[in-house]
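Here the structure is laid out as structure tokens; the discussion comes afterwards.
Quick note: the coordinates plus some simple rules give every number you see, no bench work behind them. None of the values given here were measured: they were computed from a predicted structure. Note that each Cβ is placed from the backbone with ideal geometry, even for glycine, and that neighbours are counted across all protein chains shown.
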Amino acid sequence: MDTISLIEALVDRPLLCDGAMGTQLQARGLKPGQCGEEWNVTAAARVEDVHRRYVAAGCDLITTNTFGGTDVALARHGLAARGREFNEAGARVARLAAGPGRWVLGDVGPLGELLEPWGTISSATAGRAFRDQAAALLAGGADVILVETMSDPQEAAIAARGAREAGARLVIATFAFQAAGDGFRTMMGATARECVRAAMQGGASIVGANCGTNLSLADYVRLGRELVEAAEGHPVIVQPNAGAPRLVNGAAVYDESAVELASCVPKFLAAGVRVIGGCCGTTPEHLAAMAEAMRRHAAGDRG
Amino acid sequence: MTTLEQLSEAISLGKNKDARLFAQRAIDENIPPAQIVDHALVPAMALVGERFKRNEIFVPEMLIAARAMKEAMTLLEPRLIAAGVTPKFTAIIGTVQGDLHDIGKNLVATMWKGANFRVVDLGANVSPAKFVAAVQEHRPHLVGLSALLTTTMPAMIDTVRAIRASGASAVKIVIGGAPITQQFCEEIGADGYAPDAGSAVDKASELVAAGAIDSPP
């Protein structure tokens with residue numbers, strides 16, 4: 001779909017992004033430690049099934065299964081050479097499942113290693129990795145590039161810039177925050193304001209938060225408010241986790257129910273957040289409840 | 001300020017050149033290298049851990065302090081070896097099987113080294129069998145398990161079980177990582193949970209101190 005219309009659509013109404021992918025793939029047989037992105041090629045039907053469940057739940061934005069799809073991240077699986085193939089296939093399967101009227105977000109996660117001077121990855125290497133991934137995602141049919149779960153504003157800026165250089169007309173950038181004193185910081189110590197500024201300088205037009213460590217739903221709402229203030233009129237996206245995981249019969253279980261997440265939707269919207277979705281532990285059921293809450297909100301029931 | 005205080009301050013503020021300068025000066029003043037470690041490096045990194053826990057500093061500041069500590073250590077290490085001084089406690093650390101993330105694990109390893117533990121880093125995606133083999137080889141006081149993904153949390157259960165079953169009952173196991181909680185730690189029978197790299201030092205010191213009293217490995 002035309003990416004300008006995503007910004008236009010956001011003027012009319014808030015939009016719903018989708019929820020977690022990794023846990024959904026594991027429910028369909030992906031083994032811990034296995035490369036999830038490889039499934040875009042080897043088990044595309046199962047990836048498509050996850051996308052379709054989020055479409056059926058009422059999500060407007062469908063995120064590709066390419067979070068660890070940079071060459072740098074794939075190298076940990078010994079699959080760096082397959083980057084283009086996995087990303088293109090990931091975008092294609094998401095595009096197919098999304099159908100008309102929905103946007104495909106080409107997902108770009110962190111490199112998983114720190115940039116120089118803290119780590120060993122140079123800006124040039126990072127820029128190339130992000131640019132290559134974005135180019136493959138766009139070639140496969142992604143409408144927008146979503147740079148997400150970032151901790152280092154510099155890395156986010158490089159990723160956003162790489163996406164723009166690859167031809168992305170719209171870039172969304174989101175950061176993982178933790179509570180720190182009275183406010184929120186990323187692992188690298190960046191405030192919401194610093195993150196927003198860096199992302200925008202890199203060329204992102206929609207900014208926000210996803211994932212995060214030990215944040216309550218009330219924290220996410222407060223964080224959303226802070227981001228809206230920092231974004232100075234640009235749309236803000238928040239994708240919370242479904243609480244902190246607990247272990248039940250050997251599997252991680254998230255306690256925050258669909259009802260609780262849905263009850264936060266009006267609070268996010270009141271805070272000025274324009275795109276809402278889910279991160280770790282969220283399921284199509286969570287997203288369906290959130291979609292219903294958005295419909296009720298739009299119909300004027302602000303309770 | 002004494003030379004050791006100056007060295008300590010240089011490290012905690014991440015000043016590389018000063019760390020080297022004051023470490024050399026301490027050596028020139030004939031302060032035994034073990035004392036330099038105990039009275040300058042360890043307190044400096046303890047302060048860094050405290051400030052990290054209080055959210056006064058973040059990962060970058062912690063990393064530059066660690067770099068300054070390493071700078072001082074390059075001068076001290078040969079002298080420690082020559083004097084036959086070895087760290088009192090050994091720790092093994094790794095990210096559990098199926099999980100390829102190592103930024104958090106590396107931070108904890110660095111902070112443990114800063115607390116003068118000998119640290120054996122097994123890397124990421126470490127199988128329970130590999131943990132057990134390393135425990136048998138190095139006879140550590142402490143094992144640290146890291147996981148970032150909720151989907152690899154179950155690998156922690158298998159690893160704790162395997163280490164206990166191997167007969168290394170005295171070794172203390174500390175776990176951590178973004179999705180980990182105290183409740184999870186209790187459920188899987190680990191000895192301690194640390195929410196961040198600063199707390200990981202406190203938890204390690206607390207556990208080895210307790211272990212030193214009731215059951216030396």
Inset, instruction - For region A:141-208 and region B:58-81, write down the distance between their C-alpha centroids in whole Å. - result: 32
Inset, instruction - Using only Cα atoms, find the angle between the long axis of helix B:42-53 and the longest principal axis of chain B, and express it within 0 to 90 degrees, rounded to the nearest 10. - result: 60
Inset, instruction - Name the shape class, rounded, prolate or oblate, that the alpha-carbon gyration tensor gives for region B:89-214, where a ≥ b ≥ c are the square roots of its eigenvalues, rounded holds for a/c under 1.5, and otherwise prolate holds if a/b is larger than b/c and oblate otherwise. - result: rounded
Inset, instruction - Quick one: grab the alpha carbon gyration tensor of region A:4-297, order the square roots of its eigenvalues as a ≥ b ≥ c, and give me rounded if a/c is under 1.5, else prolate or oblate depending on whether a/b is larger than b/c. - result: rounded
Legend entry - Value of Rg to Rh for chain B (Rh from inverse mean 1/r over Cα pairs, i.e. Kirkwood): 0.99
Inset, instruction - Measure out, as a whole number of angstrom, how far apart the alpha-carbon centroids of region B:24-55 and region A:96-116 sit. - result: 45
Inset, instruction - Filter the cross-link list B:K70/B:K105; B:K53/B:K113; B:K17/B:K105; A:K267/B:K53; B:K130/B:K203; B:K70/B:K113 down to pairs whose alpha-carbon distance in this structure exceeds 20 Å. - result: B:K17/B:K105; A:K267/B:K53; B:K130/B:K203
Legend entry - Expected-Rg normalisation [2.2 N^0.38 Å, Cα atoms] applied to region B:3-82: 1.03
Inset, instruction - Provide A:R102, A:R296 in ascending order of the number of other Cβ atoms located within 10 Å of each residue's Cβ, fewest first. - result: A:R296, A:R102
Legend entry - Degrees separating the helix B:197-214 axis from the principal Cα axis of chain B, which is the longest one: 80
Inset, instruction - Give, rounded to the nearest 20 debye, the magnitude of the charge dipole that region B:3-82 has about its Cα centre when Lys and Arg contribute +1 at Cβ and Asp and Glu contribute -1 at Cβ. - result: 240
Legend entry - Helix-only CD estimate at 222 nm, as mean residue ellipticity for chain B, using -39500 (n - 2.57) per DSSP H run (n ≥ 4): -18000 deg cm²/dmol
Inset, instruction - Within 10 Å, count the other beta carbons around each residue, average over each peptide in A:252-258, A:151-157, B:58-64, and list them highest first. - result: A:151-157, B:58-64, A:252-258
Legend entry - Percent of alpha-carbon pairs separated by more than 14 Å within region A:1-65: 60
Legend entry - Spin-label pair A:R28/A:V248, simplified geometry with 7 Å Cα→Cβ offset, distance in nm: 2.3
Inset, instruction - Run through every distinct alpha carbon pair of region B:46-159 and return the Kirkwood hydrodynamic radius in angstroms, one decimal place. - result: 15.3
Legend entry - Ellipsoid semi-axes in whole angstrom, largest first, where each is sqrt(5λ) of the Cα gyration tensor of region A:1-159: 25, 20, 13
Legend entry - Fewest-first sequence of A:K31, B:K105, B:K70 by Cβ atoms within 10 Å of each Cβ: A:K31, B:K70, B:K105
Legend entry - Against the rule of thumb 2.2 N^0.38 Å, how large the Cα Rg of the protein assembly as shown comes out: 1.01
Legend entry - Point-to-point label distance, A:I7-A:A139, nm (Cα→Cβ direction, 7 Å offset): 2.7
Inset, instruction - Partner chain Cβ atoms within 10 Å, averaged over the residues of B:52-64 - can you pull that number for me? - result: 4
Legend entry - Residue of B:V201, B:V85, B:V37 that the Gaussian network model of chain B assigns the largest fluctuation, springs spanning Cα pairs under 10 Å: B:V85
